[in-house]
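One structure below.
The values are calculated or read from the model by the stated rules, or taken from the named source; none is laboratory data. These figures come from a predicted structure and were not determined experimentally. As a convention, Cβ positions derive from the backbone with ideal geometry for all residues, glycine included, and neighbour counts pool all protein chains shown. These accessible areas exclude ligands, DNA and RNA; they are computed on the full protein's heavy atoms, side chains included. Shrake-Rupley method; radii C 1.70, N 1.55, O 1.52, S 1.80 Å.
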Amino acid sequence: MTTIALADTHALWQVVLGMGAVVLAVVIVLMMLLLSLIKDIRASVDTLLGIAGMVAQQTSNLPKLAATPGVLDAIIAEAIVQDGYMDVLGAHYAEPGEVIA
């Protein structure tokens, strides 16, 4: 009777050790996958940080665009003045009865 129990115990230990080896192999594979994903994420973050510096450099002049409406208003006002001068100048050189548009 003890021989059967000893054989059963030995077989049970072999099954348990086999299951433990399978679990260990799965854990190792998952850890390797995790490390691979971490390397990919790190490479992507490094690339993103490199590009972020270039984007920041290219967009550093955006606040200067706030002055654009005022400059455009000044250009429009000057264009209206110049148009008035051209009307007077054109009228001065027009032939009598000639309409300058």
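List of remarks:
- Some residue of the range 61-82 being assigned to a loop (DSSP other than H, G, I, E, B) and either modelled with pLDDT of 80 or more or open to solvent by less than 100 Å² (accessible area, probe 1.4 Å) (or both): yes
- As for the range 91-100, it holds at least one residue that is touching a helix residue (DSSP H, G or I) at 6+ places or on another chain (Cβ under 6 Å) and of a type outside the set (Lys, Arg).
- Of all the residues in the range 5-20, those that are open to solvent by less than 60 Å² (accessible area, probe 1.4 Å) and either at pLDDT 95 or above or not in a helix (DSSP H, G or I) (or both) number 2.
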